[in-house]
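This report refers to the structure that appears directly beneath it.
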Amino acid sequence: MRDWCSALTCCRPAPMLDLRHVSENLPEVKAALTRRGFSDAALLDRLGTLAEERRSVITGVEALRQERNEASQAMANVADKKSEEFQTRREQLRTLGDQIKQGEARQAAVETELEAILLNLPNLPHPGTPDGLTENDNVEIRVWGDKPSFDFDARDHVELGTGLDILDFERAAKISGSRFVVLKGLGSRLNRALMQFMLDVHAAEHGYEEVWPPVLVKDSAMLGTGQLPKFAKDAFRMAKDEEWEAEAGAQGHDLYLVPTAEVPITNLHANEIVAGADLPIAYTGYTACFRSEAGSYGKDTRGMIRVHQFDKVELVRFCHPDEGEAQLDVLTQHAQTILQKLGLHHRVVQLCAGDMGFAAQKSYDLEVWLPAQSAYREISSCSWFGDFQARRMKARFRPEDKGKPRFVHTLNGSGLAIGRTLVAILEQNQQADGSVNVPEALVPYMAGIERIPAP
RNA sequence: GGAGGAGUGGCCGAGCGGUCGAAGGCGGCGGAUUUGAAAUCCGUUGUAGGGGCGACUCUACCGGGGGUUCGAAUCCCUCCUCCUCCGCCA
């Protein structure tokens, strides 16, 4: 609770799901949330009760305020402010003021509880999102390329990278602990080439505006995209030095290391009203990403598949509500283009309702083939959030035909996760002698180097 | 880190504790003029939450929060943000 309330006071976010929509369509909302495995019916009933109370409290308070306003007006027009009548009236109005304060306090309490509930409800799955609760229910949409075949036993990226002396897990552990990696030599170079390549393709060929955002963000930004309040444990937060703050009389914001560039880039338009004619807006940006991986103990402990710090190029789009679904296809294709240009075998799956992220209403994952694991692994997740994020961060547009501001729709996707792309290149392009071929598209970014040679 | 200054509607910018949702300008929209456009003139133009079938009406919002007061954009406290100068620093 305390984690995000300061954000509430500094950016005044609207609740995520529309209160009116939820409270007036409780059965439908319950059904939709059940589809993604959320089935706390009691919580939703509580929300309904609170919504009703909120309405009656507001009506009451506003009537009292109207009375006060009218009385104050009359007071202003009294010529003799010292008259006994004026003094008496003043006493009466003082009581009225106290009643208003009581009503306001009740309203605040009700709204605080409502907000807490709403902020913790996930987005409703889009009708186009298939049923299912786990990744086993995801739907394969299309497959690109063929599985590479080897006439030797395929090595995994750890063996390959260590052998080539381009990945160093032991020294990373010495410096930073488990789940970190040091890239060396051509490994570092390859990482840098991938970042450059991806940004170039998206900026020059796909029309995205390139941005380089901060990687430390306020809690209000994390709240806007949906990482907070529910998933605070997944992010790294800057330690606040209470002693120092007391001494300096300062009280800074909580700052979080971004788990994805989605957070700073999507929040670029928080609390803004953009011109409808400017939509769609598209940004691409690189950031390092930081994740605590709380709760994933024992999962992917080997190698750089799941690490605390990794690099990623992100795609973010803002669009008109009518275009959201089509924009998701566009964005997904943009991400897929990178894998195609790199010649990496992969597939596209649509996530079922239960496997989607908290804020998403429809998602596609790009899964790249890892021969050593003999499995497809997520390398990009492309999602359409409807107005879920926009509502939380108050990102709106003014329709071209005049009219009231409306919430934009937001989308994002990895374009791509650089670390996992590097893993896929090592594993899919490995040669019998342990060397690795550099994808043709990357050669210009590698100063002409076509192969990472075996030692 | 030290010393100052400032935060008002889409933007700029006025505003004696009551008649201020807030002058004026820009921008936007509608209209007049024009072959059309520019220019000019007239009008109009915030967001959100309640109530009413509805024309409509009420309430809140002048960076956030709190306080004083019958009454706060205006007074007090506090926090945040931005700017200027000095210092330090990649």
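The values are calculated or read from the model by the stated rules, or taken from the named source; none is laboratory data. These numbers come from a predicted model, not from an experiment. Here Cβ is always computed from backbone atoms with ideal geometry, including for glycine, and neighbour counts include all displayed protein chains.
Couple of notes before you dig in:
- Of A:101, A:82, all but one fail to be at negative phi and part of a helix (DSSP H, G or I); the exception is A:101.
- Criterion: crowded, with 18+ Cβ neighbours inside 10 Å and out of contact with any Leu (no Cβ under 8 Å at 6 or more places or on another chain) - qualifying residue of A:290, A:318, A:310: A:310
- Among the criteria (1) at pLDDT 85 or above; (2) in contact with a Phe, Trp or Tyr (Cβ under 8 Å, 6 or more places away or on another chain); (3) of a type outside the set (Asp, Glu), the one residue A:78 does not fulfil is (1).
- Unmet requirement for residue A:449, which otherwise passes all of (1) within 30 Å of residue A:388 (Cβ to Cβ); (2) of a type outside the set (Gly, Ala, Ser); (3) assigned to a loop (DSSP other than H, G, I, E, B): (1)
- Residue check for residue A:142: of a type in the set (Lys, Arg), in contact (Cβ under 8 Å) with a residue 60 or more places away in the chain and in a strand (DSSP E or B): yes
- Qualifying residues in segment A:235-255 (those that are crowded, with 16+ Cβ neighbours inside 10 Å and either out of contact with any Phe, Trp or Tyr (no Cβ under 7 Å at 6 or more places or on another chain) or assigned to a helix (DSSP H, G or I) (or both)) - the one modelled with the lowest pLDDT: A:253
- The test for being without any contact (Cβ under 8 Å) to a residue 40 or more places away in the chain, of a type in the set (Ser, Thr, Tyr) and within 8 Å of RNA strand B (Cβ to nearest atom) does not hold for residue A:49.
- Those residues of segment A:19-52 which are of a type in the set (Asp, Glu) and within 27 Å of the chain's Cα centre (by Cα), in sequence order: A:28, A:40
- Of all residues in segment A:73-98, those that are within 8 Å of RNA strand B (Cβ to nearest atom) have Cβ atoms under 6 Å from Cβ atoms of residues that are not in a loop (DSSP other than H, G, I, E, B), 6 or more apart or on another chain, in A:78/A:86; A:93/A:71; A:96/A:68.
- Taking the criterion of being modelled with pLDDT of 85 or more and not aliphatic (A, V, I, L, M), the residues of segment A:395-405 that qualify are A:396, A:397.
- Residues within segment A:298-319 that are without any contact (Cβ under 8 Å) to a residue 40 or more places away in the chain and either within 16 Å of the chain's Cα centre (by Cα) or more than 18 Å from residue A:377 (Cα to Cα) (or both), tallied: 0
- Restricting A:324, A:386, A:295 to residues that are outside any strand (DSSP E or B), within 20 Å of the chain's Cα centre (by Cα) and surrounded by fewer than 21 Cβ atoms within 10 Å (Cβ to Cβ) narrows the list to A:295.
- Residue A:392 at pLDDT below 95, buried (at least 22 other Cβ atoms within 10 Å of the Cβ) and under 18 Å from the mean Cα position of the chain (by Cα): yes
- Count - residues of segment A:406-433 that are of a type outside the set (Asp, Glu), modelled with pLDDT of 95 or more and not in a strand (DSSP E or B): 13
- Within segment A:351-373, the residues that satisfy the criterion of being surrounded by fewer than 22 Cβ atoms within 10 Å (Cβ to Cβ) and either within 19 Å of the chain's Cα centre (by Cα) or over 25 Å from residue A:159 (Cα atoms) (or both) are A:354, A:357, A:358.
- Of all residues making up segment A:298-321, the number that are part of a loop (DSSP other than H, G, I, E, B) and either farther than 30 Å from residue A:407 by Cβ or out of contact with any Pro (no Cβ under 8 Å at 6 or more places or on another chain) (or both): 11
- Residue ID - nearest to RNA strand B (Cβ to nearest atom), chosen from residues in segment A:396-425 that are under 17 Å from residue A:383 (Cβ atoms) and not aliphatic (A, V, I, L, M): A:407
Here is a yes/no grid of residues against (1) of a type in the set (A, V, I, L, M, F, W, C); (2) surrounded by 14 or more Cβ atoms within 10 Å (Cβ to Cβ); (3) in a loop (DSSP other than H, G, I, E, B):
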site: A:31; (1), (2), (3): yes, no, no
site: A:44; (1), (2), (3): yes, yes, no
site: A:47; (1), (2), (3): yes, yes, no
site: A:67; (1), (2), (3): no, yes, no
